[in-house]
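Below: the structure, in structure tokens.
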Amino acid sequence: MAIRLYNTLTRSKDEFVPIDRTNVRMYVCGPTVYDDAHIGNARPVIVFDLLFRLLRHVYGEGAVTYARNITDLDDKINKRAHERGITIRELTEGTAARFHAAIDALGNLRPTVEPRATEHIAEMKALCEKLVAAGHAYVAEDHVLFSVPSMPNYGGLSKRPLDDMIAGARVDVAPYKRSEMDFVLWKPSREAHEPGWESPCGIAQPGRPGWHIECSAMSWKHLGETFDIHGGGIDLVFPHHENEVAQSTCAFGHGVMANVWMHNGFLQVEGEKMSKSLGNFVTIQELLETDKFGGRSWAGDVLRLTMLKTHYRQPIDWTVRSLEESSIRLQRWLSVVSETFGAEAKTEDFWSTLPLWLKSLPGEKDVLTEALSDDLNTPITMSLIDGTVGDWRSARTSASKTVRAKFVAYYLYFLGLAGPRSFDVSNQASVEDLIAARLAARKAKNFAESDRIRDELADMGIQLKDGKDPATGEPVTTWEVMR
Ligand code: AMP
Ligand code: ZN
């Protein structure tokens with residue numbers, strides 16, 4: 001089955017043809033680890049995790065190399081470490097560990113490689129040397145600068161008008177630039193808190209790389225001079241990705257860095273991009289662990305579903321209402337699995353053997369792969385699950401009920417939305433804890449609180465039944481999953 005992907009380079013949905021079917025290679029720009037990631041930063045992680053899953057499904061698990069870097073070298077990092085009085089390494093290691101914990105909770109697979117900028121200085125210096133030798137870069141006042149006029153087709157990815165690009169470059173005008181659009185590949189480190197390495201190109205002053213060169217170096221090291229897919233958020237198209245293309249194509253002379261460029265749309269709050277600088281953000285950890293957003297915490301799978309139910313190129317409005325809707329929908333889907341398979345659904349085996357089970361079905365069309373192969377059409381996959389749940393409900397024989405429920409489980413598993421964790425006893429305990437808290441509130445005649453907990457459970461898709469213990473006469477509450 002052909003995969004079709006929207007390519008920012010061609011502005012069209014094209015059939016995906018890998019350079020080498022036995023090693024499909026994808027690079028995605030990762031986080032700058034100076035602070036905890038907000039939920040907007042999780043969008044590219046989840047989108048490209050899904051693409052990684054699809055590619056592994058189509059080409060084979062061992063046939064896909066997915067590199068997502070960690071930017072542990074950046075001026076924001078130096079500044080933050082300096083302010084907090086800790087070393088750069090302490091800051092970046094701590095932030096990277098928290099990033100991993102957060103995105104693991106969102107059901108993401110780890111990429112094949114996670115290169116760190118600080119471990120690729122040699123490649124960055126080698127790129128500077130190559131570009132100077134080829135006449136595409138020059139040295140000025142201890143900097144190495146990329147010469148934009150040396151590349152006639154600069155701007156081919158973002159296709160911005162020249163005036164726009166000049167205006168964008170004006171953000172950092174500097175007297176040592178020959179042309180105002182030239183950008184930094186290497187810069188001197190003069191302050192004590194700035195990390196520095198021995199410089200390339202005969203510069204005596206120690207220095208450090210610019211941001212764009214980091215990704216050209218890491219993708220080169222792990223995926224080669226040209227590779228299949230390069231991804232990131234839409235804000236990275238210009239200047240970051242444009243400059244990566246300039247560096248890599250001019251250094252290697254292939255005319256192509258990556259064949260397909262993919263960009264996710266923004267996650268927004270009231271129509272504006274969620275970002276650290278606007279202050280309208282909520283971190284992944286805050287959503288998972290605190291009641292900062294909507295007065296309650298949210299399960300990782302609920303956050304993931306909220307992300308995936310919108311097509312990746314569309315903007316997402318991040319609202320409490322949308323999270324609540326996802327929570328109820330997911331509980332409904334999961335209740336089909338738990339009702340049909342009971343304790344079996346708590347085992348890893350049940351989930352991991354689902355793809356094999358599907359293969360064993362004669363003449364069954366793989367509608368999930370079909371939908372995802374159409375430029376990751378996740379909204380369709382969600383209605384597919386809803387439809388299968390409907391079929392399960394109306395199925396008359398237990399055999400056909402089982403098949404429908406297995407399909408539901410398979411879809412959820414493929415999308416990374418469920419697994420044994422969904423039926424983890426600690427999740428059950430949280431329901432029991434809430435029920436106990438509600439009973440306590442009722443005993444204390446705090447009915448506002450007890451109603452609030454009832455609503456919270458209802459949002460989780462759980463319905464309560466209040467009664468009395470026949471033996472003791474004490475109030476007891478039982479619960480079931482709503483349908
Ligand atoms: P940063 O750490 O700012 O470089 O961002 C890491 C990744 O998150 C990049 O791919 C960005 O494009 C992406 N990103 C940042 N903010 C948002 C947002 N509000 N919505 C979607 N993606 C975002
Ligand atoms: Zn990058």
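Just a few scattered comments:
- Subtracting the Cα-Cα distance of ALA134 and MET1 from their residue separation scaled by 0.36 nm leaves 43.7 nm.
- Computed over the range 363-410, the percent of Cα pairs more than 12 Å apart is 62.
- Most to least packed among 143-155, 208-220 [average Cβ atoms within 10 Å]: 208-220, 143-155
- The convex hull of the Cα atoms of the range 191-334, projected and averaged over all directions, covers 12.7 nm².
- Per-selection Rg to Rh, the range 299-398 - Cα, Kirkwood hydrodynamic radius: 0.98
- Share of carbon and sulfur in the accessible area of the chain stands at 51%, probe radius 1.4 Å.
- Sparse-neighbour loop sites [GluC sites (Glu not before Pro); the range 217-271; at most 14 other C-beta within 10 Å; DSSP]: GLU225, GLU270
- Within the chain, antiparallel bridges make up roughly 55 percent of the DSSP beta bridges whose residues both belong there.
- Summarised as an ellipsoid, the chain has semi-axes of 47, 27, 18 Å, derived from the eigenvalues of the Cα gyration tensor scaled by 5 and square-rooted, with the largest first.
- Loop trypsin sites (Lys or Arg not before Pro), the range 271-336 (other Cβ atoms within 10 Å of the site Cβ: 14 or fewer; DSSP): LYS292
- In a fully extended conformation the segment linking ALA126 and SER400 would gain 92.5 nm over its present Cα-Cα distance, using 0.36 nm per residue.
- The range 235-367, dipole about Cα centre (Lys/Arg Cβ +1, Asp/Glu Cβ -1), debye to the nearest 20: 180 debye
- Student exercise, the chain dipole from Lys, Arg, Asp, Glu Cβ charges, in Debye to nearest 20: 860 debye
- Here the sum of -39500 (n - 2.57) over DSSP H runs of 4 or more residues, divided by the residues of the chain, equals -14000 deg cm²/dmol at 222 nm, to the nearest 500.
- Probing with 1.4 Å while keeping every protein chain in the model, the per residue accessible area of the chain equals 44 Å².
- Dipole magnitude of the range 357-451 about its Cα centre (Cβ charges: Lys, Arg +1; Asp, Glu -1), debye to nearest 20: 540 debye
- Placed amide H near ASN7: partners under 5 Å, 5+ positions off or other chain: SER12, LYS13, ASP14
The values are calculated or read from the model by the stated rules, or taken from the named source; none is laboratory data. Everything numeric here is computed off the predicted structure, so don't read it as measured data. No Cβ is skipped: glycine too gets one built from the backbone with ideal geometry, and neighbour counts run over all protein chains shown. Remember, those area values only see protein heavy atoms, side chains included, never the ligands or the DNA or RNA. Shrake-Rupley method; radii C 1.70, N 1.55, O 1.52, S 1.80 Å.
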